[in-house]
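Student: Below is one structure. I have some questions about it.
The values are calculated or read from the model by the stated rules, or taken from the named source; none is laboratory data. What you are looking at is a predicted structure, and each value in this text was computed from that prediction instead of being measured. Cβ: placed from backbone, ideal geometry, glycine included. Neighbour counts: every protein chain shown.
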Amino acid sequence: MLDGGEQVTSVTLDTGRLGRIDPASLTPGTFSVHAKATSPIPIAAGDQIFSEYDLDRPVTAVRLDRRGDIVLDLSFAEGQVGGGTLGYILSRGRNVQLDLVYTITQNAPLVVHGRPLTIERFTQGRLVNPEVDAFSYHTSGSGMKYRLFSPDHRGGKRPLVIWLHGGGEGASLPDNYYDNETTLRANRGALGFATAEAQRIFHGAYVVAPQSTSFWLEDGPRFAPLILEIVNDLARRHDIDRDRIYVAGCSNGGYMSLKMTTTYPRVFAASVPICGVVESLDPGGPVMITDAELAAITTPTWLVASRDDDTVPPEANTVHAHELIPGSVLSLYDHVIWNGHQFPGHWSWIYVARNDPSDHGTHIWQWMGRQRR
């Protein structure tokens, strides 16, 4: 999982059953890989989908894993076309999980038990991402889908982190598309809280990622009780400490994080709205979170944004909210840069997913973990 979203970084061939393969017979040229990625739903004439592709994937290395399976490492990089698993449909404003077809061609024989072998055909298996696969699938009583990470059970009550996705990761029900996938595959927002580092800091936390049936900004007051329903159900069924429930989200989800704390002021121990929407993104549109609501927030709040965000203007939204929310903390970056790659300014959630924001020497995950309702 890259900071900019999920990419296929390798292909594993189930060859362990063939017997001992001579590693000397494996080179990056032994196999060729072709990848085709298409939308799972029809694209209307004149519409656009970004990141479909039909191309060769360069093999950078080939190796045998512990099971004797051949692993083809593929070229990948932030922003590289041809490795992503999601496509963005412009008219819907939604990401969809692309249908991937990988074609493997063997260019030279393997040496197995001293004899040359050419594999006649390959059958494609499933997409594997250990970080994403660690989250189980669920649907609430009201029909809202969500993914859940459960910590190792070592006894005692555990905190709960709620991750609220951006606008591109909701469902597109006019197309009957509600996948419960893009919430985790589009960015590391929820995944960051499930890492070993975060789990150590939170002393083992549940992480839940609900998926909107559209987008949170469409009707925050309607979605708020549906999210709370999931929270309450999880608290009943799991060893969750109700005094340590944290809500965080990006963009649409940043708005929804604020909406949850204005609607339920006594539920959350802390809130982390990232590049969240306060003012309407449409000129002349209604204010999404009023000044009075912001000023009345009592939940400890840490806001994050980047000055070069040209999707949700930071001054009118994040900075404005910080000025009104009593005692709030603000991390305002100049750009979104990680590992030397500059991302769009709207993608400031990358910093939170890497526990980068800090205030007087305290990083954001540690700050969250110290808060109690």
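Student: Only one of these conditions is not met by ASP56: (1) touching a His at 6+ places or on another chain (Cβ under 6 Å); (2) in a loop (DSSP other than H, G, I, E, B); (3) over 30 Å from ALA190 (Cα atoms). Which number is it?
Tutor: (2)
Student: Could you tell me whether segment 321-328 includes any residue that is among the charged types (D, E, K, R), within 25 Å of ALA198 (Cβ to Cβ) and in the same structural domain as THR183 (by TED's automatic domain parsing)?
Tutor: No, the conditions are met nowhere in segment 321-328.
Student: For segment 333-344, state whether one or more residues are touching a helix residue (DSSP H, G or I) at 6+ places or on another chain (Cβ under 7 Å) and of a type outside the set (A, V, I, L, M, F, W, C).
Tutor: So far as segment 333-344 goes, yes, one or more of its residues are touching a helix residue (DSSP H, G or I) at 6+ places or on another chain (Cβ under 7 Å) and of a type outside the set (A, V, I, L, M, F, W, C).
Yes/no matrix, rows are residues, columns are (1) over 21 Å from LEU303 (Cβ atoms); (2) touching a Leu at 6+ places or on another chain (Cβ under 8 Å); (3) in the same structural domain as ILE350 (by TED's automatic domain parsing):
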| residue | (1), (2), (3) |
| --- | --- |
| GLU197 | yes, no, yes |
| ILE230 | yes, no, yes |
| ALA235 | yes, yes, yes |
| TYR246 | no, yes, yes |
| GLY253 | no, yes, yes |
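Student: Could you tell me whether any residue of segment 323-334 is modelled with pLDDT of 95 or more, among the aromatic types (Phe, Trp, Tyr) and either surrounded by fewer than 18 Cβ atoms within 10 Å (Cβ to Cβ) or part of a loop (DSSP other than H, G, I, E, B) (or both)?
Tutor: no
Student: Given the condition under 21 Å from LEU2 (Cα atoms), out of contact with any Gly (no Cβ under 8 Å at 6 or more places or on another chain) and part of a loop (DSSP other than H, G, I, E, B), answer yes or no: does some residue in segment 350-362 qualify?
Tutor: yes
Student: Evaluate the following for GLY46: is it modelled with pLDDT of 95 or more and part of a loop (DSSP other than H, G, I, E, B)?
Tutor: Details: modelled with pLDDT of 95 or more: no; part of a loop (DSSP other than H, G, I, E, B): yes.
The answer is no for GLY46.
Student: Select from segment 153-178 the residues that are surrounded by fewer than 17 Cβ atoms within 10 Å (Cβ to Cβ) and either over 24 Å from ARG373 (Cβ atoms) or of a type in the set (Lys, Arg) (or both) and list them in ascending order.
Tutor: ARG154, LYS157, LEU173, PRO174, ASP175, ASN176
Student: Could you check TYR206 against (1) aromatic (Phe, Trp, Tyr); (2) farther than 30 Å from ALA316 by Cα; (3) touching a residue at least 60 places away in the same chain (Cβ under 8 Å) and say which number it fails?
Tutor: The single condition TYR206 does not satisfy is (3).
Student: With the requirement that a residue be within 11 Å of VAL96 (Cβ to Cβ) and part of a loop (DSSP other than H, G, I, E, B), what does segment 25-41 give you?
Tutor: Within segment 25-41, SER39, PRO40, ILE41 meet the criteria.
Student: Could you check how many residues of segment 57-68 are over 19 Å from ILE21 (Cα atoms) and either free of Cβ contacts under 8 Å to residues at least 12 places away in the same chain or hydroxyl-bearing (Ser, Thr, Tyr) (or both)?
Tutor: Total meeting the criteria: 1.
Student: A further question follows. Filter segment 69-81 down to the residues that are modelled with pLDDT of 95 or more and not hydrophobic (A, V, I, L, M, F, W, C), then identify the one that is farthest from LEU18 (Cα to Cα).
Tutor: Per the stated criteria, the residue is GLU78.
Per-residue answers, yes or no, for (1) surrounded by fewer than 18 Cβ atoms within 10 Å (Cβ to Cβ); (2) over 20 Å from the mean Cα position of the chain (by Cα); (3) hydrophobic (A, V, I, L, M, F, W, C):
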residue	(1), (2), (3)
LEU18	yes, yes, yes
PRO23	yes, yes, no
SER32	yes, yes, no
ASP47	yes, yes, no
ARG66	yes, yes, no
GLY79	yes, no, no
ARG94	no, no, no
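Student: Hey, can you tell me all the residues within segment 128-150 that are surrounded by fewer than 18 Cβ atoms within 10 Å (Cβ to Cβ) and touching a helix residue (DSSP H, G or I) at 6+ places or on another chain (Cβ under 6 Å)?
Tutor: Those that are surrounded by fewer than 18 Cβ atoms within 10 Å (Cβ to Cβ) and touching a helix residue (DSSP H, G or I) at 6+ places or on another chain (Cβ under 6 Å): GLU131, SER140, SER142.
Student: Take segment 88-127 and flag every residue that is farther than 16 Å from GLY19 by Cβ, without any contact (Cβ under 8 Å) to a residue 40 or more places away in the chain and out of contact with any strand residue (DSSP E or B) (no Cβ under 8 Å at 6 or more places or on another chain).
Tutor: So the first thing to find is which residues in segment 88-127 are farther than 16 Å from GLY19 by Cβ, and the list is 88-108, 120-127.
Okay, now just the ones that are also without any contact (Cβ under 8 Å) to a residue 40 or more places away in the chain, so 120-121, 123-124, 126.
Passing the criteria: GLU120, ARG121, THR123, ARG126.
Student: So, in segment 294-322, how many residues would count as being farther than 12 Å from CYS275 by Cα and either crowded, with 18+ Cβ neighbours inside 10 Å or under 20 Å from the mean Cα position of the chain (by Cα) (or both)? Step through it out loud before you land on a result.
Tutor: Step one: list which residues in segment 294-322 are farther than 12 Å from CYS275 by Cα, which gives 294-301.
Adding the requirement that they be either crowded, with 18+ Cβ neighbours inside 10 Å or under 20 Å from the mean Cα position of the chain (by Cα) (or both) leaves 294, 297, 299-301.
So the count comes out to 5.
Student: Follow-up question, since we're still on this one. Can you pull out the residues in segment 118-134 that are hydrophobic (A, V, I, L, M, F, W, C) and out of contact with any Ser or Thr (no Cβ under 9 Å at 6 or more places or on another chain)?
Tutor: VAL132
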